[in-house]
1. Based on the mean of other Cβ atoms within 10 Å per residue, sort peptides 96-102, 162-168 so the most packed one is first.
2. Ordered by packing density, taken as the mean number of other Cβ atoms within 10 Å over each peptide's residues, highest first, how do 72-84, 104-116 rank?
3. Once label points are set 7 Å from the Cα along Cα→Cβ at both M35 and V110, what is their separation, rounded to one decimal in nm?
4. Using a Förster distance of 45 Å, how high is the FRET efficiency between R173 and R86, based on the Cβ-Cβ distance and rounded to 0.05?
5. How far apart, in nanometres, would the label points at T161 and A78 be if each is projected 7 angstrom from Cα along the Cα-to-Cβ direction?
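No lab work stands behind these numbers, since they all come straight from the coordinates. A quick note: this is a predicted structure, and the numbers were derived from the prediction, not measured. No Cβ is skipped: glycine too gets one built from the backbone with ideal geometry, and neighbour counts run over all protein chains shown.
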Amino acid sequence: MRERLVRGRAREAGAGGAPGRWPRYGERPLHLLLMLASFALAGYAGVRLLAGGQWPLVLVWFAGAALLHDLVLLPLYAAADRVLVRCLPKRARTGYVRVPAAVSGLLLLVWFPLIAGSTDPAWVAHYEATTGLPGGEFLARWLLLTTGLFALSALWLLCRTGQRRLRAASRRRSETKQRSADGG
């Protein structure tokens, strides 16, 4: 009976599909709904971004960012990662450095004109008029955020290292007790 039920479910799923999946899309309806919503949001953002009449600048920025990332930044952070892996001992986890560095670098890449401090007063005035925020405080905020990310990562590393040491000490104590109970 069970074998017949399994064969029936396999037939319902189609060739290689899982039971209960949509035969054409392949995922659950909620996934399709979320994908459609994300495409709608991306489309809205694209229309709003390109509607300002500065679409050539947006395209130049997008192409420049892609080229800058692929030709300059990717080799730089791949080389920095290799150096980090070689310099740290094998037991050290490099993720505690990689993650805050990647987040900080991404923030720098996205907000570089504001962090670097634009010299064009018209651009700063446009930013302040659009957002209502002052434009000259981004370097200090980025440095503070980067420091906080690395401090949080270091704190996490210390907690994890402390947990490992506590577990190792507990294991040694239990082994010592076991040996003394065995008469060894």
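1. 96-102, 162-168
2. Order by mean packing, descending: 104-116, 72-84.
3. 2.5 nm
4. Efficiency, from the Cβ-Cβ distance: 0.80.
5. 3.1 nm
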